[in-house]
Amino acid sequence: MRPVTATVARPDMTTLRMYAAVAAAEFRRYATYRQAMVAAMFTNSVFGFLRCFVLLAVAGGAAGGAAAGYPRDRLATYVWIGQGLLGTVNIWSPPELAERIRTGDVVADLLRPVNPVMAYLAADLGRFGYAAVTRLVIPIAVGAVAFDLYAPAHPVTYPLFVGSVLCATVVCFACRYLVNATAYWLLDSRGPQIGWVAVSSALSGMAFPLAFLPAPLTTALYLATPLPYLIQVPADVLVERHPPATMAAMVAGQVAWAAVMLAAARLVQRRAERRVVIQGG
Amino acid sequence: MADGTLAIYRRLVAAQVRSQAQYRASFLVELCGTVLFASVDVLAVLVVFRVARSVGGFEFRAVFLMAALSTCAFALADLTVGSIERIRAYVRTGLLDAVLVRPLGALPQLLAADVAPKRVGRVLFGIGLVGVAAHTARLDLTPARWLLLLVTPVAGAVLFGAIFVASATVAFWWIDSGEFAAALTYGGRDLTSYPMTVYGGLFRRVFAYGLGFAFVGYYPALALLGRRDPLGLPAVTGWLGPVVALGAAGVAASAWKVAIRHYRSTGS
């Protein structure tokens, strides 16, 4: 018997409409859990206050009152955007796909006449749509009430920020997809999941700006890993750490990483479909 | 507690340990994972001091001692009581019914049945860290300070345990409370890694004194280092950790009793 593989249709209008429907359904799904959203906002805000106070104290204890080139208002803004981005790019999403692979439910995804990577991406963008108007905006508003935040000086920063957050979401989605896809081979993907959470928490710019690390290490992270493009780059865009041209180049870097990681996810998915026996058959 | 009851709890814990040990590779990976997460938290403290010479008026060795005490206390609490955060699922699915019909206390049952032996990794890391921090801080260890150094992580663990239980009870009223409890438990762990002088205004009042987090690392570290509190409390405050912890445990126990009485099953 031939193995089950996803037949990939050309992206015609029907396919696009299908992706849009998936995204809309996912938007509605997340909009239903309003209580969970309120709880998440509370948690993000507590961590926002905490990190903001700590980093402002770091700026206070650093030479010149600026921590690694971030003056106080930009540092505070950096922290609160980071809290907003956390739930928007969804770094710590539960390992739904890995669970479906382990139980064998993933077969249902593979039987559909669409590329599973793109279908999951459409769903994640639907989730992103709801998160962008709630989980991204609310922490920034809370931060703005409690601290002096930095307002961008260049008008071009705003569209650049929107593009940057969108790219960060796609990069993050592809990274998580790859981590989950290890379950095709390992079944128990806890090891890769733990590694992902640890590395992405420490080195994405969420815990502290990457400029706090030794310069060679930071450069290596930017060149060799997608991690800074999850939190650090979008946050830097909004606090205008560099002139607009440099920031635009960094967003271009994000686009490149999004393309590379998505291609990797699709490749891994294809290999998995060819080689792996699905559970529960 | 009768001997028979204790034996049952011992069996519950042993069963859990045995079942986890069946998947040896997964267990080892998770064991290393807990150490990795704990080191990431400590790494943040180290990184911060690359940029600043002092944080909140304290130099590295003092903050490192606070962070070590906090890490160790949190790890102990996480090992013994941390699994209570799963209460959300018990309440939502009605699984708590099964726990309540057994002739044992609900809280100890849940803790024994869900114990996560992998968290031993974090505890060992925490103990080692306290040793390293005490050494780097060049503490002048009188017998009294030795006692304080040993008692502080335990008292901190009791306080964190109380916060774990009290914040978990929220799930009885607010089923979809999601990450709410994490703000106080994991938030508390991050908060106690830095001196309380860092935090401002109402936030400090609520978290440092209202919830008692100042007594996990900050005040004991001041007493161990023989420093005055810049926030103006007397030197004896450093020794009050156990008292605060016991008070918090009492509050958490009452909250748990009220919550269990409030429980209405999901029905059929």
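The values are calculated or read from the model by the stated rules, or taken from the named source; none is laboratory data. Note that this is a predicted model, so its numbers are computed, not measured. Note that each Cβ is placed from the backbone with ideal geometry, even for glycine, and that neighbours are counted across all protein chains shown.
Structure data summary
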{"read-out": "Filtered residue count, region A:138-178, keeping only those that are assigned to a helix (DSSP H, G or I), of a type outside the set (A, V, I, L, M) and either under 16 Å from A:ARG74 (Cα atoms) or within 17 Å of the chain's Cα centre (by Cα) (or both)", "value": "14"}
{"read-out": "Odd one out for A:TRP185 among (1) more than 22 Å from A:LEU125 (Cβ to Cβ); (2) modelled with pLDDT of 95 or more", "value": "(2)"}
{"read-out": "Residue under evaluation A:MET118, criteria (1) part of a helix (DSSP H, G or I); (2) touching a residue at least 12 places away in the same chain (Cβ under 8 Å); (3) under 15 Å from the mean Cα position of the chain (by Cα), criterion not met", "value": "(3)"}
{"read-out": "Selection status of B:ARG18, within 21 Å of A:ARG51 (Cβ to Cβ) and either touching a strand residue (DSSP E or B) at 6+ places or on another chain (Cβ under 6 Å) or without any contact (Cβ under 8 Å) to a residue 12 or more places away in the chain (or both)", "value": "no"}
{"read-out": "Filter result for A:ARG266 (surrounded by 16 or more Cβ atoms within 10 Å (Cβ to Cβ), of a type in the set (Lys, Arg) and either part of a helix (DSSP H, G or I) or in contact (Cβ under 8 Å) with a residue 60 or more places away in the chain (or both))", "value": "yes"}
{"read-out": "Test: residue in region A:55-71 that is without any contact (Cβ under 8 Å) to a residue 40 or more places away in the chain, more than 9 Å from every other protein chain (Cβ to nearest Cβ), part of a helix (DSSP H, G or I) and not acidic (Asp, Glu)", "value": "yes"}
{"read-out": "Residue within region A:83-100 that is part of a helix (DSSP H, G or I) and over 23 Å from the mean Cα position of the chain (by Cα) present", "value": "no"}
{"read-out": "From the options A:GLY195, A:GLY205, A:GLY191, residue that is outside any helix (DSSP H, G or I) and small (Gly, Ala, Ser)", "value": "A:GLY205"}
{"read-out": "Qualifying residue in region B:87-103 (condition: within 14 Å of chain A (Cβ to nearest Cβ) and acidic (Asp, Glu))", "value": "no"}
{"read-out": "Pairs with Cβ under 7 Å, 6+ apart, first in region A:188-216 and more than 8 Å from every other protein chain (Cβ to nearest Cβ), second in a loop (DSSP other than H, G, I, E, B) and hydroxyl-bearing (Ser, Thr, Tyr)", "value": "A:SER189/A:THR182; A:PRO192/A:THR182"}
